[in-house]
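K.L.:
Once you've had a glance at the structure underneath, I'll fire off some questions.
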Amino acid sequence: MNLSNTDITHAAALPARVPVSCPPWVTAIPARWSGSSSALGSILGIPTEKPSNALGQHPPPVATSKEEQDRLLQGRPDQPQNPKVLRIAIIGAPNAGKSTLCNQLLGRKVFPVSQKVHTTRCKARGVVTHEDTQLIILDTPGLTNPCKAKRHKLEEAMLTDPWDSMKHADLVLVLVDVSDHWTRNSLSKEVLKCLSQFPQIPSVLVLNKVDLLKNKFILLELVTELTEGIVNGKKLEASSAFKDNSSSSARSPVQITQASSPEKGDNTWDNSSDVKASESRLGTEEVQQPKHYGPRDLKNMKGWPFFQEIFMLAALCGEEVDTLKRYLLLQAKPGAWEFHSSVLTSQSPQEICNNIIREKILEYLPLEVPYSVIQVTEMWEEGPSGELLIAQKLLVPRKSHMTMLIGRGGKVISRIVQEAGQDLMNVFLCDVRLRLQVEVKS
């Protein structure tokens, strides 16, 4: 095989724009909401409510041409009679699962996902439209510092985009990877600094990858540490008496008795959850309002004491994502839509393509090698049968990098082409013919 110029083509076939069955995240909204299905609702012993009506239709495909996407983005939104909107910033440490959660909320994979850090390189917006409500999801790069940004050759936007997203947010989701035992017991200083800079924005704690925990006992401990023992303005005091009685699940992993006044009696909820606490008490004393903390204050903080809600989920497999989605839809306030209902993301089709291919490169190349690959799109056009024809050149700095990217017998580059082509087909809902060419850049 000639390593100086390797060309791999893959055709992903699907009848153009065909409807497909609804995915598992198309769920339902209860008639009313009081936090009853969140993890905080579980902690407080509030009974769950069964949903009553479907969340909506299958999400729209992304336009295959930049002109069509620009027309939708720049055109006037098709406003309903009483529109509502909620702008959501999702922040957290790199590789916490922010893009995975965004994709699940949207119902279609439009943001790149990889096990390597810094897969998301700049902010992008996803749009969920349901009936008269529009959620605008701001997927941001993981909060990092200048030293790490330099090591991974990250753009300056990687440092500023999360902060810019917070300026436009109505609500912020703080995502924590509970499977990472090195970082899960405290929020990063970058996250705490970001929350402290915008104390007026309501914040929600989301514990992700709960399904990977073999021992669910630690979840209550994590909640206490990450919230400084305060949730929704009340002090939380919980004992550590537990009983494990079922297999791993992300669903309502904590069951606690809520302290109540003598005239109202006790309110206990049992939903056959994985971890049960025999005693817990939610204090009623008032706590201080959110404020701006200085560097000295943040140095001694492990958590944020001003979260309004807690959710526990497994974004990768979609467990409990519908619960969070219902909550977000019902937090929306009256306001004009920013996007047409046919818009799924603010990204151009070419940006989506670049991100998906780069995601695969990150997965298959070791260490820091993927971060030096340059992508050049040489062809983007519609074929004679309506298929999308894409040709992209991948430029690498060294011949050894090209050898790794191609793989023995072309296996690595072939897998990248096949998997990226399949993802692109699912994004655009049409046939996709993808060709990748690998060269050493001069």
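K.L.:
Per residue of the stretch 194-200, what does 6.51 cos²θ - 1.76 cosθ + 1.60 with θ = phi - 60° give for ³J(HN,Hα)? Whole Hz please, x for Gly and Pro, Karplus curve as stated.
P.N.:
For the stretch 194-200, the Karplus-derived couplings read 5, 5, 5, 6, 10, x, 7 Hz, x marking Gly and Pro.
K.L.:
A 31 angstrom limit on the alpha carbon distance is what I want to check against. Which of K193/K333; K98/K234; K209/K441 exceed it? Please list the in-between numbers first.
P.N.:
Working: K193/K333 27 Å; K98/K234 28 Å; K209/K441 39 Å.
Long pairs (Cα-Cα over 31 Å): K209/K441.
K.L.:
Using the heavy atoms of the protein chains alone and a 1.4 angstrom probe, what is the accessible area of the stretch 288-372 per residue in square angstrom?
P.N.:
Details: 3490 Å² over 85 residues.
Spelled out: the 1.4 Å probe surface of the stretch 288-372, per residue, equals 41 Å².
K.L.:
Could you derive backbone 3J(HN,Hα) for the stretch 360-374 from the dihedral phi with the Karplus parameters 6.51, -1.76 and 1.60 (θ = phi - 60°), listing whole Hz in sequence and x where the residue is Gly or Pro?
P.N.:
With the stated coefficients, the stretch 360-374 comes to 5, 4, 4, 6, 9, 9, x, 6, 8, 4, x, 6, 9, 6, 10 Hz.
K.L.:
Could you compute how much accessible surface K66 exposes when probed at 1.4 Å, giving the result in Å² to the nearest 10?
P.N.:
Using a 1.4 Å probe on the heavy atoms, I get roughly 90 Å².
K.L.:
Could you work out how much longer the chain between S179 and W380 gets when fully extended? Use 0.36 nm per residue separation minus the Cα distance between them, nm to one decimal.
P.N.:
Length gained between S179 and W380: 68.3 nm.
K.L.:
Hey, with R₀ at 41 Å, roughly what FRET efficiency would K189 and Q81 work out to, going by the Cβ-Cβ distance, to 0.05?
P.N.:
The computed FRET efficiency comes out at 0.35.
K.L.:
For the stretch 60-75, take each phi angle, set θ = phi - 60°, evaluate the Karplus expression 6.51 cos²θ - 1.76 cosθ + 1.60, and give the result in whole Hz per residue in order, putting x for glycine and proline.
P.N.:
Computed from phi, the couplings for the stretch 60-75 are x, x, 7, 4, 7, 10, 5, 5, 5, 5, 5, 4, 5, 6, 8, x Hz.
K.L.:
Taking 0.36 nm per intervening residue step and subtracting the Cα-Cα distance, what contour gain separates S372 from Q200 on full extension?
P.N.:
Length difference between fully extended and current span is 58.0 nm.
K.L.:
Roughly speaking, what is the stretch gain from L298 to Q350, that is 0.36 nm per residue apart minus the C-alpha to C-alpha distance, in nm to one decimal?
P.N.:
Value of the extension gain: 14.7 nm.
K.L.:
So what are the three principal axis dimensions of the stretch 302-442 from its Cα atoms, in whole Å, longest to shortest?
P.N.:
For the stretch 302-442, the Cα extents along the three principal axes come out at 52, 47, 27 Å.
The values are calculated or read from the model by the stated rules, or taken from the named source; none is laboratory data. Values in this document were obtained by computation on a predicted structure and should not be read as measured data. Methodologically, a virtual Cβ is constructed for each residue, glycine included, from the backbone with ideal geometry; neighbour enumeration extends over all protein chains shown. Just so you know, the surface numbers come from the protein's heavy atoms only, side chains and all, with ligands and any DNA or RNA stripped out. Shrake-Rupley method; radii C 1.70, N 1.55, O 1.52, S 1.80 Å.
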